[in-house]
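The values are calculated or read from the model by the stated rules, or taken from the named source; none is laboratory data. Nothing here was measured: the structure is a model prediction, and the numbers come from that model. Every residue, glycine among them, receives a Cβ derived from its backbone with ideal geometry; neighbour counts consider all protein chains shown.
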2 protein chains.
Amino acid sequence: MLTATEAAVLGLLADGERSGYDLRRCIEGSVGYFWAPARSQIYAVLPRLVSLGLARRRHVRQETRPDKQLYRITAAGRAALADWLDRPVEPEPGHSVLLLKLFFGDYGDPEAMLEHVRGRRREAEQLKVELLAIEARTTKTEQDRYPALTRRYGLEYAEALIRWAKWAEAQLR
Amino acid sequence: MLTATEAAVLGLLADGERSGYDLRRCIEGSVGYFWAPARSQIYAVLPRLVSLGLARRRHVRQETRPDKQLYRITAAGRAALADWLDRPVEPEPGHSVLLLKLFFGDYGDPEAMLEHVRGRRREAEQLKVELLAIEARTTKTEQDRYPALTRRYGLEYAEALIRWAKWAEAQLR
DNA sequence: ACCACCATGTAACAGGTTACATGATTAA
DNA sequence: TTAATCATGTAACCTGTTACATGGTGGT
């Protein structure tokens, strides 16, 4: 079975031939909000997909730029992606360093705890701005149906976090 | 600097002497909601804390039960914990397999995508019930101030998720 | 002159997981 | 008699990160 990162890369390749470098830029501003592998990880995954027969590599010589490797998804790749997508999603055990620190807040500095909450709120406010900006410049096509779901999730998350943070700040003040 | 798991364990030890086994049970139903190391990980962390001088081990012989190791936090341990708690929280890059699958939903089965959303909603509804139950049986003491913050976060999260899921289900139907 | 962009990859390390291994006691 | 609870640990593996390594082009 695929790992999530392999599936993410296949998913991006499903839209067209791309290099590792291209993928990076595709990721930020879209999937990057909820799945952001390190650069080196992308370059590690691509050859693996090739050796599994899920993608094909094509060497492209360039003169003014360094040469590059373009990857294209295969029929087997599309099948593997579809299979992965349809499998049940495991419940994701939430990891949150913020909550961990707050939970033990009594052993720390009250001022620091307050600042942790404020920081997270600022991040959420920033996220909200970015998502609204993306929303504004996105044309609502048929292909946008699913990505729209994820943006909406982000918005709902950001707003819930802001509400919580305001309440928490009041409690801690 | 401590890892989050080391800090979590120290945090629990700060409340009193405990065995690895005890810690496991402390974790589920409290920190476990946002930080749940594997059992083997707890047993790996404890000796490390001892060798760092942050905890002390005490062997307790038992007759009707297997022997056990009790761990107690040291003064250095409390200092290390406080230091870790007060450090700024890094922005946590969100990982969500659910959103990843949804984002590429076009390449999968629509029925499966709908089921993914429904599944996550059920989990959130369950979480909400659990958190309300904990809330109900908790006496609002001074020590509860910080943990209360994390429960409230969970509630806000669960409710936001349920709202989103209902909306998403309508979109996909 | 300097910085950002294009472009790929390796190596070392970190932080975790699952499975293996053991075995008595007690409640249903 | 079957299963859960008590109780600890090791070993193999996985997935990912950061740091190292290289070097031309084009804009300010």
- Task: Go through region A:95-114 and give me each residue that's over 13 Å from B:TRP84 (Cα atoms), of a type outside the set (A, V, I, L, M) and within 26 Å of the chain's Cα centre (by Cα).
- Result: A:HIS95, A:SER96
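Of the residues B:GLU92, B:GLU63, which single one is surrounded by fewer than 16 Cβ atoms within 10 Å (Cβ to Cβ) and under 23 Å from the mean Cα position of the chain (by Cα)?
Within the list B:GLU92, B:GLU63, the selection yields B:GLU92.
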- Message: I'd like to verify a number: residues in region B:125-169 that are touching a helix residue (DSSP H, G or I) at 6+ places or on another chain (Cβ under 8 Å), more than 28 Å from B:LEU85 (Cα to Cα) and not acidic (Asp, Glu), how many?
- Response: 8
- Task: Within region B:41-59, track down each residue that is more than 9 Å from DNA strand C (Cβ to nearest atom) and within 14 Å of chain A (Cβ to nearest Cβ).
- Result: B:LEU54
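Specify the residue that is farthest from DNA strand D (Cβ to nearest atom); the eligible residues are those in region A:1-21 that are modelled with pLDDT of 95 or more and more than 20 Å from B:ASP106 (Cβ to Cβ).
Filtering region A:1-21 down to residues modelled with pLDDT of 95 or more leaves A:2-21.
With more than 20 Å from B:ASP106 (Cβ to Cβ) added as a condition, the list becomes A:3, A:19-21.
Numbers: A:THR3: 4, A:SER19: 13, A:GLY20: 12, A:TYR21: 11 Å.
Looking at residues that are modelled with pLDDT of 95 or more and more than 20 Å from B:ASP106 (Cβ to Cβ), I get A:SER19.
So that you can scan it fast, the table gives a plain yes or no per residue for (1) free of Cβ contacts under 8 Å to residues at least 60 places away in the same chain; (2) touching a strand residue (DSSP E or B) at 6+ places or on another chain (Cβ under 6 Å); (3) surrounded by 15 or more Cβ atoms within 10 Å (Cβ to Cβ):
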residue	(1), (2), (3)
B:LYS101	yes, no, yes
B:LEU114	yes, no, yes
B:GLY119	yes, no, yes
B:ARG122	yes, no, no
B:THR150	no, no, yes
B:TYR157	yes, no, yes
- Task: Confirm whether A:ALA38 is within 16 Å of DNA strand C (Cβ to nearest atom) and within 19 Å of the chain's Cα centre (by Cα).
- Result: yes
- How many of the residues in region A:60-84 are within 10 Å of chain B (Cβ to nearest Cβ), of a type in the set (A, V, I, L, M) and within 16 Å of DNA strand D (Cβ to nearest atom)? 1
- Message: Just checking, does region A:3-15 include any residue being within 13 Å of DNA strand C (Cβ to nearest atom), of a type in the set (S, T, N, Q) and within 11 Å of chain B (Cβ to nearest Cβ)?
- Response: yes
- Task: Please find, among A:GLY29, A:GLY20, A:GLY53, the residue that is touching a residue at least 12 places away in the same chain (Cβ under 8 Å), surrounded by fewer than 16 Cβ atoms within 10 Å (Cβ to Cβ) and closer than 27 Å to A:GLU130 by Cβ.
- Result: A:GLY29
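Regarding A:GLY29, is this residue more than 12 Å from DNA strand C (Cβ to nearest atom) and at pLDDT below 95?
yes
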- Hits in region A:24-59 (condition: away from DNA strand D (no atom under 13 Å from the Cβ) and in contact with a helix residue (DSSP H, G or I) (Cβ under 9 Å, 6 or more places away or on another chain)): A:CYS26, A:GLY29, A:SER30, A:TYR33, A:GLY53, A:LEU54, A:ALA55, A:ARG56, A:ARG57
- Item | Residue list for region B:127-147, restricted to those being surrounded by 17 or more Cβ atoms within 10 Å (Cβ to Cβ) and either in contact with a strand residue (DSSP E or B) (Cβ under 6 Å, 6 or more places away or on another chain) or free of Cβ contacts under 8 Å to residues at least 12 places away in the same chain (or both) | B:TYR146
